[in-house]
Amino acid sequence: MLGACGVGGYDKEEQSLNSMIKSTLKLIFRTGIFWIFIVIMPVISIVMFKTNMEFSTFTGESYKVEELENADEKAGYFGGNGGCVIKIYDASGSEKSEFFINKLSQSGLFTVCRADISGENITDDFINTHIENDGKNDIMGAAVYIPASFDDMVMNGKCEEAITLYILSDDERVDVLADELKLQLVKIASVADLDSLDDLIPERETVNVASAGEVVLTKEQNNQKQTMGYAFSFLTLGFVFAGFFVANTAIREQKNGVLVRINLAGIDTFKYFTSKFISVLAVSILMMIVVFACSFAIDTSEIGMDRLQYILLIFPMGLIFSSLSMFMGIVMGEVMSACVATFVVWVISCMFSGMYFPITHTTDFIKYVSYVMPQKWFMDVVDMLYIGDEKAYVMLLCITAAYLLLIISLGSFGLKVKRTESWGNS
């Protein structure tokens, strides 16, 4: 009787791989919220590109003088990029002191922060108290005091008396600062007209030099990359929940005993998991088509690459996250827990991959953690595509294959463990 009718009413047609795939897709396509994720997330990603955001991390204004609100504000906050921070107390507020501070900043050697104290009642106690506070409670290389008589002293050739330098760290770059201060003071004292001094200085050309293994992008490319990171985060969220919908069908089959009947019928766990993976592949292709259609709402100049490259980036990344969320849902076997778990994985992976903020200046621990996150590697591929590195496609293929192989292997193993546990309990 069992051999004639199949197990639990399952005949051979229903046990076939194609039948399992069709059954899964039918259940998914009948779910209204599934179509919301498929459509809304690509639309939001396009909106991110349309915002034309400019990120301060990549403004390229490393020569800009940081204006402090008052003399008590800390300058160490502006040293996040590893620059040698110099705090300048400007009691002069004159055109010459302004020129002097700007030239010091434009040397490219220091992060210059200026506290305008020209309206303060300046005494020795005022300066000494602030310098002592800087040394104890702030992080900076040195402080410079420009007195109210700065202009007169410079024009009378008293350059050494025109400013006071306070060394507040053992940073070796402070030694260079002393020479730079003297150089700028001599230049100002040597001319009557500051505009004529500017004419004598050749136009600055900034050239970024990459260290070994580092990719240097232009300001525009960095802004495009960071915007793409935000767009990718919304797209991956759509793919994560697309995979969860596939996992939901598997969870229902586990609850209803369908998976047990399939196993009893001789269908191995790997074949069952393969049917779910193919379903995820079909769903990912569907979402990729939606993304491709939405991409015509933006110009390729807004993403920094052509449309085909953009899709080639999105599809494998989406497939990885769809497969991962499906795997987690199937193994956990409970809808709410699986939903929370997939969302947590998405949040953590986006946070530590450099999609929201660059991780160049973070701790080594965060950098090591980022290597586990798939998005980190895809953001590296973005760098390679921006500079025209043809190895990007090989890297893209290797990343996708490695993550999918890991997910499929762990998913198959997890299902075998669950099957063993379920049979042991029965």
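The values are calculated or read from the model by the stated rules, or taken from the named source; none is laboratory data. Bear in mind the structure is a predicted one, so any value in this text is a computation, not a measurement. Heads up, the Cβs are rebuilt from the backbone with ideal geometry, glycines too, and the neighbour counts pull from every protein chain shown. To get the accessible areas, we keep the full protein, side chains included, count just its heavy atoms, and leave off ligands, DNA and RNA. Shrake-Rupley method; radii C 1.70, N 1.55, O 1.52, S 1.80 Å.
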- Query: Given R₀ = 35 Å, FRET efficiency for residue 285-residue 372 by Cβ-Cβ distance, to 0.05?
  - Reply: 0.85
- Query: residue 246: net charge of surrounding residues, Cβ under 14 Å, Lys/Arg +1, Asp/Glu -1, itself excluded?
  - Reply: +4
- Contour minus Cα-Cα distance for residue 43 and residue 398 (0.36 nm per residue): 124.9 nm
- 159, 113, reordered so the largest accessible area comes first (probe 1.4 Å): 159, 113
- Query: Under a 1.4 angstrom probe, counting protein chains only, how are 377, 346 ranked by accessible area, largest first?
  - Reply: 377, 346
- Query: What nm value, rounded to one decimal, do you get for the distance between residue 297 and residue 17 when each label is placed 7 Å out toward the C-beta?
  - Reply: 3.8
- Query: Can you pull the three principal axis extents for the Cα set of the stretch 105-188, in Å, largest first?
  - Reply: 36, 32, 18
- Message: What distance in nm separates the two pseudo spin-label positions at residue 405 and residue 335, each 7 Å out from Cα along the beta-carbon direction?
- Response: 3.7
- Computed accessible area, residue 107, all protein chains, 1.4 angstrom probe, square angstrom: 30
- Query: Looking at the stretch 108-196, which GluC sites (Glu not before Pro) are DSSP coil and have at most 12 other C-beta atoms within 10 Å of their C-beta?
  - Reply: 172
- Query: Hey, rough spin-label estimate for residue 158 and residue 137, points 7 angstrom out along Cα→Cβ, what's it come to in nanometres?
  - Reply: 3.3
- Query: In the structure shown, do any of 64/182; 87/187; 26/376; 64/187; 22/376 have a Cα-Cα gap over 27 Å, and if so which?
  - Reply: 26/376; 22/376
- Computed E for residue 389/residue 151 - FRET, C-beta separation, R0 56 angstrom, nearest 0.05: 0.60
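Which order do 30, 252 take when ranked by solvent-accessible area (1.4 Å probe, heavy atoms of all protein chains), largest first?
30, 252
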